[in-house]
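Report on the structure given below.
The values are calculated or read from the model by the stated rules, or taken from the named source; none is laboratory data. Predicted, not measured: the structure shown is a model, and the values here were computed from it. All Cβ positions, glycine included, derive from the backbone under ideal geometry; neighbour counts span all protein chains shown.
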Amino acid sequence: MFSRVGRENYDRARILLEKSLLPILKRAGLNVFWIDNQSGCKGVCNGVESLKIDKNKAPSLCAGSRCMDEALLAGIDTHKILNTDQTTVVFMHQPGNHGPAYYRCYPSSFEIFKPVCKDEKLNNYTREEIANAYDNEILYTDHFLAVLIDWLKGLRNYDTGLPYVSNHGESLGENNLYLHGARNFSPLKNKGRFR
């Protein structure tokens, strides 16, 4: 996503040799920050300042090593990042709809669609239960984006924008595919196995 090398000509070695979008923006004079709530930046944020989620400011949003996406805002000190005449860009890496543990990506108050899959072993659940957990996470992502928009509106003396891009799609049983980049398998109860 942050590289000019597309999927059709995917070459990991070439990608790693080139600069990602973030250091290029920094070199162009922008103030660039990365804040992560997932699995790290995989080299994308090399050369730019990383912000950390302040779990003390968001205790209700964090349990152990996992935090809900709203906690990303707990890592942003607006005085620090906006205390400059430079244009500021903040990249927020959220778990979003990352399976198989969709149920871990949203607070229980967002469990609207039921019943839900509450395990990483999808083959123990029906397609509906898996989709319900995924849909609950979509509700939470919508909420998180609304919170971000409100936060940006609160920065009254700044021109703000919020481009949102998903880093990949997710299969929920179409053509017997689940997750992203995964092998085919059936989630039917007691019949789950790789094919």
Single residue of the range 1-45 satisfying the filter (charged (D, E, K, R) and part of a loop (DSSP other than H, G, I, E, B)) that is farthest from residue 80 (Cα to Cα) = 8
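Which residues, taken from the range 100-147, are touching a strand residue (DSSP E or B) at 6+ places or on another chain (Cβ under 8 Å) and closer than 25 Å to residue 74 by Cβ? Break it down into steps so the answer makes sense when it comes.
The first filter runs over the range 100-147 and keeps only residues touching a strand residue (DSSP E or B) at 6+ places or on another chain (Cβ under 8 Å), leaving 100, 104, 122-123, 127, 130-131, 134.
104 - this is the single residue of the range 100-147 that is touching a strand residue (DSSP E or B) at 6+ places or on another chain (Cβ under 8 Å) and closer than 25 Å to residue 74 by Cβ.
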So which pairs qualify, if the first residue must be in the range 32-48 and assigned by TED's automatic domain parsing to the domain that holds residue 3, the second must be acidic (Asp, Glu), the Cβ gap must be under 7 Å, and the two must be at least 6 apart or on different chains?
-> 33/49; 37/69
Those residues of the range 102-112 which are over 15 Å from the mean Cα position of the chain (by Cα) and of a type in the set (Ser, Thr, Tyr), in sequence order | 108, 109
Given the conditions (1) out of contact with any helix residue (DSSP H, G or I) (no Cβ under 9 Å at 6 or more places or on another chain); (2) modelled with pLDDT of 95 or more, report the number of the one that residue 124 does not fulfil.
-> (2)
On the given criteria, is residue 95 under 30 Å from residue 30 (Cβ atoms) and assigned to a loop (DSSP other than H, G, I, E, B)?
-> yes
Only unsatisfied item for residue 112, checking (1) closer than 25 Å to residue 2 by Cα; (2) loosely packed, with under 15 Cβ neighbours inside 10 Å; (3) modelled with pLDDT of 90 or more, is (1)
Restricting attention to the range 72-101, the residues that are surrounded by 19 or more Cβ atoms within 10 Å (Cβ to Cβ), more than 12 Å from the chain's Cα centre (by Cα) and under 28 Å from residue 129 (Cβ atoms) number exactly 1
Only one of 126, 87 is among the hydroxyl-bearing types (Ser, Thr, Tyr) and free of Cβ contacts under 8 Å to residues at least 60 places away in the same chain, namely 87
Of the criteria (1) surrounded by 14 or more Cβ atoms within 10 Å (Cβ to Cβ); (2) touching a strand residue (DSSP E or B) at 6+ places or on another chain (Cβ under 9 Å), which one residue 67 fails | (2)
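Name the residue, out of 112, 138, that is assigned to a helix (DSSP H, G or I), of a type in the set (A, V, I, L, M) and in contact (Cβ under 8 Å) with a residue 12 or more places away in the chain. Break it down stepwise before answering.
Working: 112 fails: assigned to a helix (DSSP H, G or I).
After ruling out the rest, the residue left standing is 138.
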Residues located in the range 61-90, provided they are assigned to a helix (DSSP H, G or I) and of a type in the set (S, T, N, Q) | 78
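Taking the residues in the range 17-48 that are of a type in the set (D, E, K, R) and under 14 Å from residue 93 (Cβ atoms) as candidates, determine which candidate is surrounded by the fewest Cβ atoms within 10 Å (Cβ to Cβ). Can you show your working first?
First, the residues of the range 17-48 that are of a type in the set (D, E, K, R): 18-19, 26-27, 36, 42.
Okay, now just the ones that are also under 14 Å from residue 93 (Cβ atoms), so 36, 42.
Details: 36: 20, 42: 13.
Restricting to residues being of a type in the set (D, E, K, R) and under 14 Å from residue 93 (Cβ atoms), the top hit is 42.
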Identify all residues within the range 169-195 that are at positive phi and at pLDDT 50 or above; write none if there are none.
-> 173, 175, 176, 179, 181
